[in-house]
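Taken together, the values in this text are just the output of simple stated rules run on the coordinates, not laboratory data. Since the structure is predicted, the reported quantities are computational estimates derived from the model, not experimental observations. Neighbour counts are summed over all protein chains in view; Cβ atoms, including those assigned to glycine, are modelled from backbone coordinates with ideal geometry.
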Amino acid sequence: MPEQCDPRPYDALLLLSFGGPEGPDDVVPFLENVTRGRGIPRERLKEVGQHYFLFGGVSPINAQNRELLDALRKDFAEHGLDLPVYWGNRNWAPYLTDTLRTMVQDGHRRIAVLATSAYASYSGCRQYRENLADALGALGAEGLAVPRVDKLRHYFNHPGFVRPMVDGVLASLAALPQEVRDGAHLAFTTHSIPTAAADTSGTPADHTRDGAGGAYVAQHLDVARVIADAVRAETGVDHPWRLVYQSRSGAPHIPWLEPDICDHLEERHAAGVPAVVMAPIGFVSDHMEVKYDLDTEATAKAAELGLPVARSATVGADPRFAAAVRDFLLERAAAERGAAPERCALGALGPGHDLCPVGCCPARAPRPAAAGADWRGPAEAPA
């Protein structure tokens with residue numbers, strides 16, 4: 001097998017995602033899965049579910065994951081990479097435990113995991129690792145072989161993730177009326193999280209205080225800067241930009257990252273900005289937070305203000321992203337075999353770590369988390 005397409009020691013890839021409802025009857029049970037243990041009344045979940053009911057009770061995320069699966073399998077086949085690709089979700093079918101059970105029954109024992117979250121944070125990394133640990137524990141309790149799972153590194157600054165977003169911003173600028181195009185402001189958006197969680201995101205060396213945002217904010221700022229620089233290089237226009245937030249869901253008394261996108265649109269309009277491009281760099285695909293919070297709520301706010309806006313595309317199943325997944329899968333495989341592969345990364349932060357160290361994106365209540373230096377879970381199968 002050619003070295004550049006050698007996936008050993010891995011015998012399968014798992015696409016691990018959040019999941020979403022695929023019909024009206026799924027919405028409340030899905031939200032019960034997401035909020036399990038928080039004691040939220042069912043009636044409140046029905047209120048929260050209105051975002052989904054506006055779209056027929058269907059989240060776009062599962063269909064988008066199917067498209068990404070197809071893109072990955074196509075890319076792998078075209079490059080002679082003989083590695084099966086499976087899909088499991090944290091909160092809806094196909095459930096992670098069920099998928100891992102199938103993978104074990106199919107004979108897989110060393111699994112690379114791609115999470116559909118590109119940045120470091122508790123909810124974007126460690127919580128996925130906790131779900132992996134839960135699933136592996138369930139398999140062990142069933143008497144099944146427990147595979148070794150390795151989560152692939154954060155890919156926020158990989159060219160195959162960044163370049164499609166650059167093209168999305170360029171396309172959105174081109175879609176604006178010519179008279180406002182050059183003065184357009186770029187609002188790079190991502191999911192707001194509690195400032196306490198942001199400050200402890202990433203490795204202990206990344207942790208900060210007083211709302212500075214740790215690795216979560218630093219990584220987004222680095223990507224936003226790379227995109228803004230690329231747009232300037234290709235258009236000759238230096239568009240002002242800011243990192244802003246959306247989709248806050250926490251209690252009002254708990255500080256979350258700000259400013260919110262709708263507040264930011266009001267502020268930019270008051271400052272005389274002629275147009276805004278909303279670029280959702282924190283999201284892999286156009287799932288519900290993008291479709292509702294940007295395409296519905298923020299777009300309505302802009303219309304109320306009389307402010308022209310355009311929303312750029314997420315990466316989704318772009319072939320360049322599929323190629324990037326192949327890239328960091330094979331680099332991790334080479335590293336596991338003892339090689340020192342070249343790792344692609346744009347911006348100032350460099351490529352991320354392969355193995356999450358102790359203290360990385362900690363939870364408030366410590367729980368076992370697989371695929372990290374602190375994993376002490378079920379006995380793993382030999383490589």
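Taking a quarter of the surface of the Cα convex hull of the range 218-266, what do you get in nm²? List each step's numbers first, then the result.
Numbers: hull surface 17.6 nm².
Across all orientations, the range 218-266 yields a mean hull projection of 4.4 nm².
So if I place +1 on the C-beta of Lys and Arg and -1 on the C-beta of Asp and Glu, and nothing else carries charge, what would the dipole magnitude of the chain be about its Cα centre? I want it in debye, nearest 20.
Details: 37 positive and 49 negative charges, 166 e Å.
That gives the chain a dipole magnitude of about 800 debye.
With the Cα gyration tensor of the chain in hand, give its eigenvalues times 5 under a square root as the equivalent ellipsoid semi-axes, listed largest first in whole angstrom. Don't jump to the answer; show the numbers that get you there.
Working: eigenvalues 229, 123, 79 Å².
Sorted largest first and rounded, they come to 34, 25, 20 Å.
Near K291, within a Cβ-to-Cβ distance under 11 Å, what is the net charge of the other residues, with Lys and Arg +1 and Asp and Glu -1? Can you show the working numbers first?
Working: positive: R311; negative: D286, E289, D293, D295, E297.
Once all neighbours under 11 Å are counted, the net charge is -4.
Could you give the dipole magnitude of the range 12-95 about its Cα centre, charging the beta-carbon of Lys and Arg +1 and that of Asp and Glu -1, in debye to the nearest 20? Each step should come with its number before you reach the end.
On the way: 9 positive and 11 negative charges, 78 e Å.
The dipole magnitude comes to about 380 debye.
Tell me, what is the percent relative contact order of the range 1-126, built from C-alpha pairs under 8 Å that lie six or more residues apart? Could the numbers behind the result be given before it?
Working: 154 pairs, mean separation 53.7, N = 126.
After rounding, I find 43 percent.
May I ask for the Rg/Rh ratio of the range 1-60, computed from Cα atoms with Rh as the Kirkwood radius, given to two decimals? Please list the in-between numbers first.
Numbers: Rg = 18.4 Å, Rh = 14.0 Å.
In the range 1-60, Rg relative to Rh is 1.32.
Check the chain and count each lysine pair with an alpha-carbon distance under 29 angstrom, considering only pairs eight or more places apart or from different chains. Don't skip to the end; give the middle numbers.
Details: K46/K291; K46/K301; K74/K151; K74/K291; K151/K291; K291/K301.
Count of close lysine pairs: 6.
Antiparallel as a % of all DSSP beta bridges within the chain, to the nearest 5? Each step should come with its number before you reach the end.
Numbers: 2 of 32 bridges.
Roughly 5 percent of the beta bridges in the chain run antiparallel, per DSSP.
Counting only the backbone N, which residues of the range 320-340 are under 19 Å from the spot 7 Å out from the Cα of A77 toward its beta-carbon?
From the range 320-340, the list is 320-327.
Dipole of the chain (Lys/Arg Cβ +1, Asp/Glu Cβ -1, origin at the Cα centre): which of A324, L83, W241 lies farthest to the positive side?
Farthest along the dipole direction, towards plus: L83.
Along the charge dipole of the chain, pointing to its positive end and built from +1/-1 on Cβ of Lys, Arg, Asp and Glu, which listed residue (G143, L68, L114) has its Cα farthest out?
Farthest towards the positive pole: G143.
On the first, second and third principal axes, largest extent first, how far apart are the outermost C-alpha atoms of the range 266-383 in Å?
The Cα atoms of the range 266-383 stretch 61, 36, 26 Å along the principal axes, largest first.
I need to check one value: relative contact order of the chain, counting alpha carbon pairs closer than 8 Å and at least 6 residues apart, in percent.
Numbers: 713 pairs, mean separation 92.5, N = 383.
Averaging sequence separation for qualifying contacts and normalising by length gives 24 percent for the chain.
Taking the highest mean first, how do the peptides 343-349, 37-43, 156-162, 88-94 order by number of other beta carbon atoms within 10 angstrom per residue?
Packing proxy ranking, top to bottom: 156-162, 88-94, 343-349, 37-43.
From the helices alone, meaning DSSP H stretches of at least four residues, give me the mean residue ellipticity at 222 nm for the chain, per-run term -39500 (n - 2.57), in deg cm²/dmol to the nearest 500. Please report the intermediate quantities before stating the final value.
On the way: 13 runs with 145 residues, N = 383.
Value at 222 nm, helices only: -11500 deg cm²/dmol.
When DSSP assigns beta bridges and you keep just the ones with both residues in the range 159-311, what percent turn out antiparallel, to the nearest 5?
Working: 1 of 15 bridges.
Of those bridges, close to 5 percent are antiparallel.
Please name whichever of L13, G160, H264 sits farthest to the positive end of the charge dipole of the chain, dipole taken about the Cα centre and charges placed at Cβ: Lys and Arg +1, Asp and Glu -1.
L13
Rounded to the nearest 0.05, what FRET efficiency do K46 and E234 have when you use their Cβ-Cβ distance and R0 = 35 Å?
On the way: r = 47 Å, r/R0 = 1.33.
Result of the calculation: an efficiency of 0.15.
Label-point separation (nm) for C344 and E179, each offset 7 Å from Cα along Cα-to-Cβ?
4.2
What's the long-distance tail for the range 187-313, i.e. % of Cα pairs beyond 20 Å? Each step should come with its number before you reach the end.
On the way: 3752 of 8001 pairs.
That fraction is 47 percent.
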